[in-house]
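What follows draws every value from the coordinates through simple rules; no lab data is involved. What you are looking at is a predicted structure, and each value in this text was computed from that prediction instead of being measured. In this analysis, Cβ positions are derived from the backbone assuming ideal geometry, glycine residues included, and neighbour counts consider all displayed protein chains.
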């Protein structure tokens with residue numbers, strides 16, 4: 001059997017090529033294409049390929065993604081991250097296996113805890129004041145802010161997949177109460193103290209001090225959190241979105257924060273992104289929302305970087321190399337999200 | 001038996017009087033004195049008292065503390081925090097029981113995790129850049145900083161008391177390796193993977209990514225971490241001092257940070273403090289060290305506020321009320337640190 005063709009599409013794959021090279025052991029004919037290369041050569045390469053690793057920079061632009069429709073012999077497409085809400089399976093040939101990859105769950109959970117602890121303690125403000133000479137926040141002062149605690153607060157997880165489980169494990173160690181809802185009812189197991197379905201969403205919203213979105217974006221979850229759901233939240237509660245921007249209704253969220261209907265929000269995912277055409281987007285790019293979230297003081301806002309840890313990148317690309325090895329060896333692939341009809 | 005005299009000394013006690021009133025049920029004759037009251041009346045009140053709750057503001061000034069030497073009938077002195085390195089038991093009458101109090105262990109652990117996660121992720125810098133319009137740190141960019149993770153790092157705890165145990169429990173949930181040394185050898189138990197005595201300090205320093213001081217300040221621990229110990233640490237390791245400043249040799253620490261011999265430091269405790277004479281120290285006060293730590297970019301520095309959470313304050317003063325109730329009822333006191341000879 002001739003060596004299968006593998007196409008590494010986009011700058012992302014080039015970036016992590018050293019990890020792939022270190023861990024891949026299959027017999028491949030490897031090709032690569034990045035934005036900036038000859039556009040016609042993309043169609044040639046795509047047309048011949050059996051397996052494809054798609055980089056983010058080639059996904060976010062419709063032009064590149066449409067070229068995947070020319071991959072008539074494609075049998076395995078590897079997405080180098082988790083979300084695949086952007087994927088239209090109808091452009092792929094029948095019988096093509098699509099895999100995503102994890103490895104960033106613990107990085108996401110660490111990011112969520114970094115942000116929740118910053119919300120409670122306000123370390124950065126304390127430090128800025130202290131560096132400028134003030135002892136105002138010291139333990140024996142009666143002025144300054146007495147800071148908050150995560151202890152005894154309730155974390156409500158919407159969706160109970162891999163990321164939510166990592167958050168739950170840490171919440172338990174922080175002596176928080178952890179509750180969750182997910183699409184399908186499953187058995188209640190530690191560290192959860194309550195586990196409902198999406199029909200119980202309002203109950204979760206009413207009980208939680210931190211409402212954490214850990215669900216996919218799909219037609220069922222688009223604008224899942226709307227003005228009505230935001231009204232259900234406690235007035236001091238914090239909404240944490242590390243899922244996808246559009247799980248929360250954009251204008252409703254902005255208004256709830258502006259009018260201080262909820263305590264605040266920790267937002268890592270957005271409504272507007274830089275185009276993928278530029279493989280290395282420089283400073284600038286569109287504002288993350290049509291609304292001025294950056295004018296609000298009750299928001300911790302970050303540029304979709306929760307998973308951006310060195311360890312998560314390494315684990316993900318090691319898992320991709322392992323999946324490529326599996327494909328070559330005819331072994332079952334990991335992280336299969338769909339097989340096209 | 002006549003009601004025992006209780007003296008609430010210092011502004012701190014006044015601040016938390018509502019909690020005491022809510023939880024105290026003993027039959028006391030209660031008196032109070034705060035800095036600013038007539039100095040002569042302090043001596044009168046001290047001379048008559050059976051029990052004393054000392055506020056921080058009356059401890060940090062030698063003048064007030066010396067007045068405690070006049071407490072000839074004192075049988076029980078309650079310190080409203082944990083450290084008692086400042087206490088000279090010889091000024092107290094024989095048979096006096098001194099208690100401290102906890103309740104802040106989880107707040108301390110939360111603070112340590114807030115600071116370690118800030119060290120790894122750099123949330124505040126990411127957010128500042130994003131608010132000013134930059135997508136540089138987003139997950140799909142190849143510029144910006146790929147952030148770190150706590151996962152798989154090693155936490156080395158020096159001292160394994162209540163605070164260190166709370167840190168260890170959280171470290172385990174973050175998939176960190178946790179090791180410790182303490183004065184007395186005890187059995188190795190989860191989540192520790194290694195447990196030595198102070199004789200093994202160098203081994204702990206060599207293995208740890210985060211060296212966390214959780215020990216008392218006493219003659220055995222003063223300058224415990226000196227230039228020699230700092231040299232044992234990994235070049236990327238971070239020293240976390242939430243114990244007492246003088247556990248670490250001041251100049252050696254500054255030089256190790258300035259010369260980047262270690263990765264950095266998270267410092268909540270210091271070498272110079274505002275006087276306790278001012279019960280509500282305003283902005284200003286002495287610099288925390290004779291060295292310019294505030295000119296270093298590899299330090300997270302805070303004004304001894306790790307335990308300054310609302311929950312910790314509430315738990316501590318509830319425990320003090322409980323101890324006062326125990327004294328009245330003749331029940332054994334909690335948190336006894338010494339009984340004077």
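Observations on the model:
- Only Cα pairs under 8 Å and 6+ residues apart enter the sum, and on that basis the relative contact order of the stretch B:221-341 stands at 21 percent.
- Shape analysis of the stretch A:170-227 yields a ratio of the Cα radius of gyration to the Kirkwood radius, Rg/Rh, of 0.96.
- A convex hull fitted around the alpha carbon atoms of the protein assembly as shown yields 177 Å³ per residue.
- Cα-based values for the stretch A:201-341, radius of gyration first and Dmax second, are 18.4, 58 Å.
- By DSSP, the beta bridges lying fully in chain B are antiparallel in about 5 percent of cases.
- Taken over the stretch A:1-112, the convex hull of the Cα atoms encloses 122 Å³ per residue.
- Ranked list, fewest to most other Cβ atoms within 10 Å of each Cβ, for A:86, A:28: A:86, A:28
- For the protein assembly as shown, the share of DSSP beta bridges that are antiparallel, to the nearest 5, is 5%.
- Each residue in A:147, B:249 was given a count of other beta-carbon atoms within 10 angstrom of its own, and listing them fewest first yields B:249, A:147.
- In chain B, the calculated helix contribution to ellipticity at 222 nm averages -9500 deg cm²/dmol per residue, counting -39,500 (n - 2.57) for every DSSP H run with n ≥ 4.
- For the stretch B:120-187, the Kirkwood estimate of hydrodynamic radius, built from reciprocal distances between every pair of different alpha carbons, is 14.5 Å.
- Pairs of Cα atoms nearer than 8 Å and 6+ residues apart set the relative contact order; for the stretch B:105-301 it is 15 percent.
- Chain A: relative contact order as a whole-number percent, Cα under 8 Å and 6+ apart: 20 percent
- Cβ-based exposure ranking for A:31, A:44, in which fewest neighbours within 10 Å come first: A:44, A:31
- For chain A, the fraction of C-alpha pairs farther apart than 35 angstrom is 31 percent.
- Other-copy label distances relative to residue A:189, 7 angstrom Cα-Cβ extension, nm: 2.7
- 25 °C / 0.890 mPa s Stokes-Einstein diffusion coefficient of the stretch A:105-301, Kirkwood radius on C-alpha pairs, µm²/s: 138 µm²/s
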